[in-house]
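The block underneath contains the structure these notes are about, expressed in structure tokens.
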Amino acid sequence: MPDRASGTLLGFDPGQRHIGVAVGEALLGTARGLATLPARNGQPEWGEVATLLERWAPQALVVGLPSHADGTDSDSTVTARRLAGRLHGRFGLPAYTVDERLSSRAAEQRLEPRQHQRDPQAIHAEAAAVILETYFAQQGMA
């Protein structure tokens with residue numbers, strides 16, 4: 001479990017073509033979007049991920065886990081679990097998953113309409129922030 005007093009975490013909003021990334025601080029229980037990485041079949045360019053990890057030095061990673069409204073796995077669930085496993089395997093950091101249902105909708109509501117129009121990819125990074133804040137809340141960090 002990350003250190004609640006000083007833990008920096010990175011959150012990931014997985015997708016087939018884009019992966020949103022956010023950074024958050026466990027002490028504050030807040031996160032902000034960092035970037036939207038291009039992806040192929042749900043896998044990012046690993047060099048870009050390594051650069052973000054070097055810059056932010058997170059203690060752990062959190063990946064949004066998509067599922068159906070009833071909680072059962074969706075087709076994207078396997079892709080998200082694979083991403084979490086590969087993040088852990090490549091970088092040796094704990095990789096947690098958290099239910100990401102409705103994170104994109106929440107992200108759209110948080111972004112100003114003009115911001116979304118200027119940068120349509122911003123929604124992915126903001127969804128990653130929602131995912132990370134969900135994790136913090138579930139862990140009693142928010």
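The values are calculated or read from the model by the stated rules, or taken from the named source; none is laboratory data. Computed from a prediction, not measured in an experiment: that's the story for all the values here. For neighbour counting, all protein chains shown are included, and Cβ atoms are generated from backbone atoms with ideal geometry for every residue, glycine included.
State whether the residues of segment 50-58 include one that is β-branched (Val, Ile, Thr) and closer than 18 Å to Ile131 by Cα.
no
For beta carbons closer than 7 Å, sequence separation of 6+ or different chains, a first residue in segment 53-81 that is closer than 19 Å to Leu93 by Cβ and a second that is among the small types (Gly, Ala, Ser) and assigned to a strand (DSSP E or B), the qualifying pairs are Leu61/Ala95; Val62/Gly11; Val63/Ala95; Ala80/Gly64. Taken over segment 20-64, residues that are within 16 Å of Val98 (Cβ to Cβ) and of a type in the set (Val, Ile, Thr) amount to 5.
Applying a threshold of 8 Å to beta carbon distances and a minimum spacing of six or more residues, or different chains, the list of pairs starting in segment 6-24 at a residue that is over 16 Å from Ala137 (Cα atoms) and ending at one that is of a type in the set (Phe, Trp, Tyr) reads Ile19/Phe12; Gly20/Phe12; Val21/Phe12. Of the helices (runs of 4 or more DSSP H) lying entirely inside segment 20-112, those carrying at least 1 residues that are modelled with pLDDT under 95, among the small types (Gly, Ala, Ser) and over 16 Å from Glu126 (Cβ atoms) are 75-91.
Selection within segment 40-59: residues that are in contact with a Ser or Thr (Cβ under 9 Å, 6 or more places away or on another chain) and among the hydrophobic types (A, V, I, L, M, F, W, C). The member of this set that is surrounded by the most Cβ atoms within 10 Å (Cβ to Cβ) is Trp56. The number of residues in segment 61-84 that are surrounded by 13 or more Cβ atoms within 10 Å (Cβ to Cβ), more than 11 Å from the chain's Cα centre (by Cα) and among the small types (Gly, Ala, Ser) comes to 3.
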